Amino acid sequence: MKPRKYLVFGMAAISALFLLSGCSRSDNSKTAESHAGEEKVLNFGCQMYDDGSLNFSLTPNGAWNAMRYGITEALFRFDDEMNTEPWLAESYTVNEEHTKWVITLRDDIYFSDGCQVTPSKVKECFEYLREVSEESSANAEKYLEFEAEITADDQANTLTILTSQPYNDLPGQLAYPVMAVVDIEHTEDFMNGVIGTGPYMVSQFEGVGVGYEMAANPNYYEEVPYEKVNILFMGDASAKTMALQSGQVDLVENITNVSDIQDFQENPDFTVDIATGVRCGFSWMNLDGVLANDTLRQAILMAIDKDQICASKTIGGLYTAGISVLPSNLDYGYEELTDPYAYDPEGARELLDNAGIIDTDGDGIRELEGQNINLRYVSYENRLLNDFSDAHTQYLAEIGIGVTAEYGSSDDQWSKLAAGDYDLNNNNWTTVGTGDPLEYLGNWYSETTYCGYSNPEYDQLYESLQNELDPGRRKELVKEMQQIIIDDALVIVDGYYNSSMVYSNERVGYAHIHTADYYWLTTEIVPAE
């Protein structure tokens, strides 16, 4: 296995590395054109995830960071309807069994170190993901089985992947950020200096909680709009708002204060770009604890007025209320789903009373098996998650359910989720991260769940979905799985989130937030004229 060295590279060190690597290009005309005239700099304010790491192979957040910052790209990507399209690939063919995929690469793609992207380079990258899998939570095998046979033909410029099981849409799997194509041979700093094919590359890691200094990739296949990008990590929505108003930054992602969004929308000096999202905010309920009690979970759902929360001044407009873990705008039969636990606080109290879950000592908190019910609620400050958690806490207090907040960073939330160290855990997930909900619905499959859930009927449907190729039948399976999750009272659905980018019209000519929340710093973002 290639050893990982945690180093911080300056521009001089990076330049020296490129020379030592033996990779070089003689035609940098597109970059030269983009560098003509006055230096163009973009200051971008964003949330920090996973300490800002770029290690695509180690954690999902690291992979997302690397792609969001414009450093890495994948063989395929998603358009705003979540359809898969070639990116580093030029085209592909697949056999009738959906087990043999022949991918033809573009011949004009180079890493930022000047090395050309070849089928052998892609194969090396995918094999590296296998090698580091034991120390990784990136779960690369979710997207490409480790048993797959990968053959690189550099002369034909093709990569052939033979799988032991059919894939409904392998290009969608390979579009996920964990499957980004990285120069494994020459990357020495996987944490903060990954070498990718994107329009930007790291020139300096400024430190945890600070950000990155980025430079234009001189070997990019298109014109790069900015010579330099400063990524500034910002802890909350208010910080983003103030930084944008003061001119500290030119562009921010996902301001989540409704009043601030409205102010920017009404201000002609700024533009707000909002994408109809495929994200779902939801709270896990951990069945490996007090919430193993079915009646308690059902009462919790009946106690919370989701519609009122989503219509509140704090949240209104940024989330759409719903009952399923898949957003209502996706074509998976949402309108046919039923909610047996609609808002009914009196019904929730009656349900608990009838089950003997009552307050025996008059302290206002019900007891279960002789102990006060005091749920540990893990959450973090992003996409209004803490606001939802606060609202849930207030509603639950009204039916005698105690809650203790544990609000920290996104890393805290993730580590406690992975360890099962919570009762309620609020987060926000992309539901069709591969253009399909299979991987996301695996969160409630008994072999891959984070909440101690096991239902043979659900498992059977999930396994059928893994091998089903007919689109109509896939939709029916997904609808049935959604209803089981609802019926078994497994999650508190916050709602369906809409992402946004806000920018200064004086300094930015155009920016766009994509439906797939993987693409932030793209060549679409250009300076104002």
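The values are calculated or read from the model by the stated rules, or taken from the named source; none is laboratory data. Model, not experiment: these values are computed from the prediction. Ideal geometry is used to build each Cβ from the backbone, glycine not excepted, and the neighbour counts take in all protein chains shown. Ligands, DNA and RNA are stripped out before the accessible areas are found, and what is left, the full protein with its side chains, is counted by its heavy atoms. Shrake-Rupley method; radii C 1.70, N 1.55, O 1.52, S 1.80 Å.
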In Å², rounded to a whole number, the accessible area per residue of the stretch 439-505 with probe 1.4 Å is 33
Cross-link reach from Lys228 to aspartates and glutamates, straight Cα distance under 12 Å and at least 8 residues apart if same chain, gives Glu38, Glu39, Glu213
The extension gain from Glu476 to Asp80, computed as 0.36 nm times the residue separation minus the Cα-Cα distance, is 140.2 nm
Between the alpha carbon centres of the stretch 306-329 and the stretch 479-493 the gap in Å comes to 17
Residues whose built amide H sits under 5 Å from the amide H of Tyr343, excluding neighbours closer than 5 in sequence, are none
Asserting the computed 222 nm helical MRE of the chain (DSSP H runs at least 4 long, -39500 (n - 2.57) per run, divided by residue count, to nearest 500) equals -8000 deg cm²/dmol
1/(1 + (r/R0)^6) with r = Cβ-Cβ of Glu39 and Glu188, R0 = 35 Å, i.e. FRET efficiency to nearest 0.05, evaluates to 0.80
By the C-alpha gyration tensor axes a ≥ b ≥ c (rounded if a/c is under 1.5, else prolate when a/b exceeds b/c, else oblate), the shape of the stretch 417-529 is prolate
So, with points 7 Å from each Cα along the Cβ direction, the Glu135-Asn374 label distance in nm works out to 4.0
Yeah, the stretch 244-365 with a ≥ b ≥ c from its alpha-carbon gyration tensor (a/c under 1.5 is rounded, else prolate when a/b outruns b/c, oblate otherwise) is prolate
Of all DSSP beta bridges having both residues in the chain, the percent classed as antiparallel (nearest 5) is 75
Rounded to one decimal in nm, the spacing of the 7 Å Cα→Cβ label points at Glu266 and Asn467 is 5.9
Taking protein heavy atoms only, a 1.4 Å probe, and rounding to whole percent, the accessible area of the stretch 133-249 owed to carbon and sulfur comes out at 43
With +1 at each Lys and Arg Cβ and -1 at each Asp and Glu Cβ, the charge dipole magnitude of the chain around its Cα centre, to the nearest 20 debye, comes out at 980
Expressed in angstrom and rounded, the centroid-to-centroid distance over alpha carbons for the stretch 161-231 and the stretch 234-266 is 26
In the chain the cysteines whose Cβ sits 4.7 Å or more from every other Cys Cβ are Cys46, Cys125, Cys280, Cys310, Cys451
Expressed in nanometres to one decimal, the distance between label points 7 Å along Cα→Cβ at Ala405 and Thr338 is 3.8
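Excluding ligands, DNA and RNA, what is the solvent-accessible area per residue of the stretch 221-309 at a probe of 1.4 Å, expressed in Å²? Spell out each step's value before the answer.
Values: 3160 Å² over 89 residues.
About 36 Å² of surface per residue is accessible.
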With 0.36 nm assigned to each residue of separation and the Cα-Cα distance removed, Val526 to Glu457 gains 19.8 nm
Once phi for every residue in the stretch 459-473 is put through the Karplus expression 6.51 cos²θ - 1.76 cosθ + 1.60 (θ = phi - 60°), the whole-Hz ³J(HN,Hα) values, with Gly and Pro written as x, are 4, 5, 5, 5, 5, 5, 5, 4, 10, 7, 10, 6, x, x, 5
